[in-house]
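Heads up, the thing below is written out as structure tokens.
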């Protein structure tokens, strides 16, 4: 069999499909390549109810509280970290705006300049530091996605709405996340003109065939050069891409009714679980095919107003987050946080099920799930809920809960993540050192 270049694409008119690593990409008599480590941050907005999140014991025998319960079956793959603080998210003399500061400071460790104008300023985010280096080896340096749109102009929580993006390429250049699964799919695999109107995009979709049909000849040619194991691996991957395309098409044809005053954006599922799982599956194939090694996913807007009737919460997320310790409101905000975690657990399961070199995609990833505040009623930035799924090729000692002194800079954790993915960095925001994620605490 002919040796296959690592960066091989299936091409057709309107399609360019990256494929996962195959045995044919390994030169004869060469040892297996070391799988790359992927870094991803999943941001849970508007805080976390402490009693439903934090384990009460440290070490390997910790208990999964209510919010983290969906992850219990992945115990050996999960590291829970307590004690991290996001001091730059506090007011520090700037008055109101905790939700804006939460998202602005989470990945930067930097206190944002309070402004409603174009003179916004905060630090570069940890994902973009990683992307500068790791992105040289992939089609996309990074991906930024979300399930709730955020305005990029005007006022948001007494700050400029440009602060609503967690990823920053520079101190003044935010990277707004994509929320439309179709546009993300086209960015990854096709060349649909995403600048047109929704009607224009629909006409293009109706006119052309499936992405995979466009690349059919290239696919058949490649299969003829592969052994049976690689053919099966390629078929499984392309089937997942086909299923994604079909699910996105179905979402575009849905006419679900939302509560009055809340419009359904064109082509985007009204149901949060369906929407988030489409995004998670698109991220999965992106990591699997090495389209990118760095990503951020804002599950929803910080301080957003989305309701969650699917899990029994018809009220706006932000309004009930100021629960005033009323049991019925605490229960509702906890339901939303459990619902978010159920979708993340789906993603972890997907990553664990996909072989990658000498392990799984999850084994070779560090997927961070967390928030910039704990109790949203208090705007508590002192104890940031944080966990990591995956051990990044055994560079993280998972299966335990470790506790650092309260207020340990979140930026210290980010420096450790950069070190793990091979991008050592001396300083980020308010960092004053690194965390040893292999040590006992």
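Quick check on residue 391: is it in a loop (DSSP other than H, G, I, E, B), free of Cβ contacts under 8 Å to residues at least 60 places away in the same chain and either over 20 Å from the mean Cα position of the chain (by Cα) or over 17 Å from residue 123 (Cα atoms) (or both)?
When the stated conditions are applied, residue 391 does not pass them.
When you look at residue 113, is it more than 19 Å from residue 369 (Cα to Cα), touching a residue at least 24 places away in the same chain (Cβ under 8 Å) and not in a helix (DSSP H, G or I), yes or no?
Working: more than 19 Å from residue 369 (Cα to Cα): yes; touching a residue at least 24 places away in the same chain (Cβ under 8 Å): no; not in a helix (DSSP H, G or I): yes.
The answer is no for residue 113.
Taking the stretch 240-263 as the range and being part of a helix (DSSP H, G or I), modelled with pLDDT under 85 and farther than 14 Å from residue 180 by Cβ as the test, only 253 passes. When residues in the stretch 115-128 are screened for being over 23 Å from residue 412 (Cβ atoms) and either out of contact with any strand residue (DSSP E or B) (no Cβ under 9 Å at 6 or more places or on another chain) or surrounded by 21 or more Cβ atoms within 10 Å (Cβ to Cβ) (or both), 1 of them pass. Anything in the stretch 396-407 that is surrounded by fewer than 18 Cβ atoms within 10 Å (Cβ to Cβ), in a loop (DSSP other than H, G, I, E, B) and in contact with a helix residue (DSSP H, G or I) (Cβ under 9 Å, 6 or more places away or on another chain)? List them, or say none. Correct list: 399 only. Looking across the stretch 324-344, the residues that are crowded, with 20+ Cβ neighbours inside 10 Å and either over 15 Å from residue 65 (Cβ atoms) or under 18 Å from the mean Cα position of the chain (by Cα) (or both) come down to 332, 336, 337, 339, 340, 341, 343, 344.
Among the residues of the stretch 297-337, the one identified as over 16 Å from residue 373 (Cα atoms), touching a residue at least 40 places away in the same chain (Cβ under 8 Å) and in a helix (DSSP H, G or I) is 309. Report yes if some residue within the stretch 418-425 is on the phi < 0 side of the Ramachandran plot, in a helix (DSSP H, G or I) and surrounded by 17 or more Cβ atoms within 10 Å (Cβ to Cβ); otherwise report no. Within the stretch 418-425 (the criterion being on the phi < 0 side of the Ramachandran plot, in a helix (DSSP H, G or I) and surrounded by 17 or more Cβ atoms within 10 Å (Cβ to Cβ)), the answer is yes, since at least one residue qualifies.
Residue count for the stretch 53-82 under the criterion of being closer than 29 Å to residue 305 by Cα and crowded, with 19+ Cβ neighbours inside 10 Å: the result is 9. Would you be able to say whether some residue in the stretch 346-367 is in contact with a strand residue (DSSP E or B) (Cβ under 8 Å, 6 or more places away or on another chain), more than 20 Å from residue 66 (Cα to Cα), in contact (Cβ under 8 Å) with a residue 40 or more places away in the chain and assigned to a helix (DSSP H, G or I)? Taking every residue of the stretch 346-367 in turn, at least one turns out to be in contact with a strand residue (DSSP E or B) (Cβ under 8 Å, 6 or more places away or on another chain), more than 20 Å from residue 66 (Cα to Cα), in contact (Cβ under 8 Å) with a residue 40 or more places away in the chain and assigned to a helix (DSSP H, G or I).
For the stretch 170-224, residues that are touching a helix residue (DSSP H, G or I) at 6+ places or on another chain (Cβ under 8 Å), assigned to a loop (DSSP other than H, G, I, E, B) and modelled with pLDDT under 90 total 6.
Just so you know, in the stretch 4-19 the residues that are within 25 Å of the chain's Cα centre (by Cα) and not in a strand (DSSP E or B) include one that is surrounded by the fewest Cβ atoms within 10 Å (Cβ to Cβ), and it is 7.
So in the stretch 147-169, with the set limited to residues that are part of a strand (DSSP E or B) and within 17 Å of the chain's Cα centre (by Cα), which one is farthest from residue 275 (Cα to Cα)?
Taking the stretch 147-169 and keeping what is part of a strand (DSSP E or B), we get 155-156, 159-160, 168-169.
Within this subset, residues satisfying the condition of being within 17 Å of the chain's Cα centre (by Cα) are 168-169.
Numbers: 168: 24, 169: 26 Å.
In this case the residue turns out to be 169.
The values are calculated or read from the model by the stated rules, or taken from the named source; none is laboratory data. Everything quoted here is computed from the prediction, not taken from an experiment. Glycine also receives a Cβ, built like all others from the backbone with ideal geometry; neighbour counts cover every protein chain displayed.
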